[in-house]
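The structure under discussion appears below in the form of structure tokens.
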Amino acid sequence: YVAAVYEHESILSPSPAAPVGRRSALELMGRNLDIYEQQVLAAARQGAQIIVFPEDGIHGFNFTRSSIYPYLDFVLHSDSGKWNPCREPYLFNDTEVVQRLSCMALKNKIFLVANLGTKQPCARTDPRCPADGRYQFNTNVAFGADGTLLATYRKHNLYFEYAFDTPPEPDYAFFDTPFAGRFGMFTCFDILFFEPAVNLIRQYNLKQIVYPTAWMNQLPLLSAVEFQQAFATAFNINILAANIHHPTLGMTGSGIYTPVKSFIYHNMESYGGKLIVAEIPVITADYKTNLEKTPGRVSEKGKEQTPPSFYAEMMYDNFTFVPVWGEKGELQVCANTLCCYLNYQRAVLTDELYALGVFDGLHTVHGTYYVQACALVKCGGLSFSTCGQEVTDATALIDFQLWGNMSTPYIFPLLLTSGITLDFADHMGWKNNHYFLSKNRTSSGLLTAALYGRWYERD
């Protein structure tokens, strides 16, 4: 099927915390929706059957709970009845944004997914009802090609979004299409948690995901395109990911991902939005990748010459590293119950320092979640203290086999190359209670090769 995602540079309110009326809120959102309209038309002309827009794309961010209120639409959150906002605009008040989105879908005969802020009055008798008498949600809406509202999803894992409430129960949101079957949806930070993202995919055996996001890139392990690809690979699904484009905030990175190929956009240099349109196969059946080669164990000889281990902070976590020296070698590094192993061979010796790092613990900055990671990374400089820094360019071509005795089945294989580009492993998967990732010769210099494990039970 042909899919489209749009990385949108939103027109932002100059002072989001200042109170405004509904009319000026609609005026600002209208300017973003004008851009959406052009992009839907462009995508439809290229044969796209579905288009996805980013999180916060219509209203922007940095609001307070009260200052965002004029920007919120009323959206009925339920599966009761099918509403077509474009054809039935009079059913509810404050639905101007939803109406425009519905009409874009209808006019262009395209499935459309977008993110907006919504409000829902609640009764004083509801013990969870906020003091102002309403819920405010960060919401995705999905429309059919006839403009019907097919599904809504309220973001569950809020990322310091004080203007919004967490829904009482996780939403499991999905909708059906004639061209690719069932699509599930969730938003941004949700991708790192079991509820509802992983549970949704497993429970409904989903093979296509639409994913609006406003993601701030964090190298070496959580760059948007890097993790989006890893998620598609880990669950053997297609992901249509639309990110916001604000390079000054480190926000870029969208794509259309399959487990074996991707069409991505990552651009920290220039401004303006970007439409990606690609034809991808519908994934139907499950297939498991098999490992053909059995890696050698670390030999005794290797142990005698073990390079020194050192500690460095990476992504706010205290990793234990060993340097990756010389042309080839076999390394291991352990922390808590996790041991990581690396066999490597460099094509040419470059004056770049690489290190193999391990972390097995609770990550506590910008969210709390348990991580088990084995990571081969390029360091920022030549001293140990630079390992774990954000690096975007590399020249070293390395053949490697990386494996670890992970305690969780949820492993996201990361493979990032110079210039924030993606590469695909030759082999990966489980063998003898170890997860393996191997690659002969990356297409360009290696930035990161990692097994990023999420141990959800220990969050």
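The values are calculated or read from the model by the stated rules, or taken from the named source; none is laboratory data. Computed from a predicted model, the values in this text were never measured in an experiment. Positions of Cβ are backbone-derived with ideal geometry, glycine not excepted, and every protein chain shown enters the neighbour counts. Side chains included, ligands, DNA and RNA excluded: accessible areas come from the protein's heavy atoms. Shrake-Rupley method; radii C 1.70, N 1.55, O 1.52, S 1.80 Å.
Below is a table of values for the structure above.
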| quantity | calculated |
| --- | --- |
| Residue satisfying condition, being within 22 Å of Gln39 (Cβ to Cβ), among the acidic types (Asp, Glu) and open to solvent by 20 Å² or more (accessible area, probe 1.4 Å), within set Asp176, Asp146, Asp132, Asp126 | Asp146 |
| Of all residues making up region 1-32, the number that are closer than 30 Å to Gly255 by Cβ and of a type outside the set (Gly, Ala, Ser) | 14 |
| Among residues of region 237-279, those that are under 26 Å from Arg454 (Cβ atoms) and assigned to a loop (DSSP other than H, G, I, E, B), counted | 10 |
| Top-ranked residue of region 405-437 - restricted to ones that are more than 22 Å from Val371 (Cβ to Cβ) and among the polar types (S, T, N, Q), ranked as least open to solvent (accessible area, probe 1.4 Å) | Thr417 |
| Selected residue (only one of Ala197, Ala234, Ala214, Ala230 is modelled with pLDDT of 95 or more, assigned to a loop (DSSP other than H, G, I, E, B) and under 14 Å from the mean Cα position of the chain (by Cα)) | Ala214 |
| Selection status of Thr248, open to solvent by 10 Å² or more (accessible area, probe 1.4 Å) and hydroxyl-bearing (Ser, Thr, Tyr) | yes |
| In region 324-374, residue surrounded by the fewest Cβ atoms within 10 Å (Cβ to Cβ) [restricted to those that are within 25 Å of Tyr159 (Cα to Cα) and aliphatic (A, V, I, L, M)] | Val365 |
| Unique residue being without any contact (Cβ under 8 Å) to a residue 60 or more places away in the chain, under 30 Å from Phe183 (Cα atoms) and of a type in the set (A, V, I, L, M) when the list is Ile50, Ile58, Ile68, Ile35 | Ile58 |
| Condition broken by Ala131, with the remaining ones in (1) without any contact (Cβ under 8 Å) to a residue 40 or more places away in the chain; (2) aliphatic (A, V, I, L, M); (3) within 23 Å of Trp215 (Cα to Cα) satisfied | (3) |
| Considering residues of region 153-173 that are assigned to a loop (DSSP other than H, G, I, E, B) and of a type in the set (A, V, I, L, M, F, W, C) only, the residue most open to solvent (accessible area, probe 1.4 Å) | Phe160 |
| Of all residues making up region 334-380, the number that are out of contact with any Lys or Arg (no Cβ under 9 Å at 6 or more places or on another chain), of a type in the set (A, V, I, L, M, F, W, C), part of a strand (DSSP E or B) and under 16 Å from Leu192 (Cβ atoms) | 2 |
| Scope region 186-220; condition more than 17 Å from Tyr159 (Cβ to Cβ) and among the hydrophobic types (A, V, I, L, M, F, W, C); matching residues | Val198, Leu200, Ile201, Leu206, Ile209, Val210, Leu219 |
| Residue that is farthest from Leu415 (Cα to Cα), among those in region 449-459 that are buried (at least 19 other Cβ atoms within 10 Å of the Cβ) and more than 17 Å from the chain's Cα centre (by Cα) | Trp455 |
| Subset of region 10-29 (residues that are within 17 Å of Leu116 (Cα to Cα), free of Cβ contacts under 8 Å to residues at least 60 places away in the same chain and not aliphatic (A, V, I, L, M)) | Ser13, Pro16, Arg23, Ser24, Glu27 |
| Check on Phe92, of a type in the set (Phe, Trp, Tyr), open to solvent by 30 Å² or more (accessible area, probe 1.4 Å) and in contact with a strand residue (DSSP E or B) (Cβ under 6 Å, 6 or more places away or on another chain) | yes |
| Check on Gly117, crowded, with 21+ Cβ neighbours inside 10 Å, in the same structural domain as His8 (by the TED database) and in a loop (DSSP other than H, G, I, E, B) | no |
| Among (1) of a type outside the set (Phe, Trp, Tyr); (2) within 26 Å of Arg65 (Cα to Cα); (3) over 26 Å from the mean Cα position of the chain (by Cα), the one test that Asn157 misses | (3) |
| Test: residue in region 381-401 that is in a strand (DSSP E or B), closer than 23 Å to Gly253 by Cβ, not acidic (Asp, Glu) and not assigned by the TED database to the domain that holds Phe235 | no |
| Members of region 354-381 found to be closer than 17 Å to Pro307 by Cα and either touching a helix residue (DSSP H, G or I) at 6+ places or on another chain (Cβ under 7 Å) or of a type in the set (Phe, Trp, Tyr) (or both), listed by number | Tyr354, Cys379 |
| Flag if Arg134 is among the basic types (Lys, Arg), in the same structural domain as Arg182 (by the TED database) and farther than 28 Å from Leu275 by Cβ | yes |
| Residue within region 44-57 that is surrounded by fewer than 19 Cβ atoms within 10 Å (Cβ to Cβ), in a helix (DSSP H, G or I) and either on the phi > 0 side of the Ramachandran plot or among the basic types (Lys, Arg) (or both) present | yes |
